[in-house]
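Let me begin by presenting the structure, written as structure tokens, before commenting on it.
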Amino acid sequence: MLKGIPKILSPELLKILAEMGHGDEIVIADGNFPSENYGKRVIRADGIGGEAMLSAVLALIPLDTYAQENFVLMKTVEGDDPNPPVWQAYRKIAHAADDNVKEAFAERFAFYERAKGAYAVIATGEERTYANIILKKGVVR
């Protein structure tokens, strides 16, 4: 057992976060995201919500200060709520953890394509829609 590590982070996920380098991306996916289709490495986190996972991940990795965007949300589809409540929660968590949040949006299928190139996808049990996010890892100083 380790001190200071959020308990929801599995040994497999800790290994992935440690392996990631500067500029690598990780997806925190909701329960509806087709993780197995788009992730080259998929870490199951069933029963864990997106907010808890985002908070735990950002407790260990910094966001990329050099990137134009380091916090990418999946853009909503026309007719859906253009500002889902989960985004406000994600923003609050991110800004509390890191003072370098550079938010961007990716259209649904562009998000899927970007997820293919991510280092890993964390498949959470989050039930809210549009609770998918891509984080770009920065340099630990």
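Remark: pairs (first residue in the stretch 114-141, assigned to a helix (DSSP H, G or I); second residue aromatic (Phe, Trp, Tyr); Cβ separation under 6 Å; 6+ apart in sequence or on different chains) = Ala115/Tyr38; Lys116/Tyr38. Residues in the stretch 20-46 that are more than 13 Å from the chain's Cα centre (by Cα) and closer than 9 Å to Ala120 by Cβ: Met20, Lys40, Arg41.
The number of residues in the stretch 93-110 that are over 19 Å from Glu51 (Cα atoms) and either open to solvent by 20 Å² or more (accessible area, probe 1.4 Å) or under 12 Å from the mean Cα position of the chain (by Cα) (or both) comes to 4.
Taken over the stretch 41-80, the residue count meeting the criterion of being of a type in the set (D, E, K, R) and either under 12 Å from Asp98 (Cα atoms) or touching a Lys or Arg at 6+ places or on another chain (Cβ under 6 Å) (or both) is 2. The criterion of being within 17 Å of Leu13 (Cβ to Cβ) and not aromatic (Phe, Trp, Tyr) does not hold for Lys102. Thr129 meets each of the listed conditions (1) over 11 Å from Leu73 (Cβ atoms); (2) buried (at least 23 other Cβ atoms within 10 Å of the Cβ); (3) in contact with a Ser or Thr (Cβ under 9 Å, 6 or more places away or on another chain) apart from (2).
All conditions in (1) touching a strand residue (DSSP E or B) at 6+ places or on another chain (Cβ under 8 Å); (2) closer than 21 Å to Met20 by Cα; (3) among the basic types (Lys, Arg) hold for Arg141, with the sole exception of (1).
Listed here are the residues, each with its yes/no results for (1) aliphatic (A, V, I, L, M); (2) in contact with a Leu (Cβ under 8 Å, 6 or more places away or on another chain).
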residue	(1), (2)
Ile8	yes, no
Ile26	yes, yes
Gly49	no, no
Ile61	yes, yes
Ala67	yes, no
Lys75	no, no
Lys92	no, no
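The values are calculated or read from the model by the stated rules, or taken from the named source; none is laboratory data. All figures in this text were calculated on a predicted structure; none of them were measured in a lab. Because the Cβ atoms are built from the backbone with ideal geometry, glycine has one as well, and the counts that use them run over all protein chains shown. We work out accessible area using only protein heavy atoms, side chains counted, and drop any ligands, DNA or RNA first. Shrake-Rupley method; radii C 1.70, N 1.55, O 1.52, S 1.80 Å.
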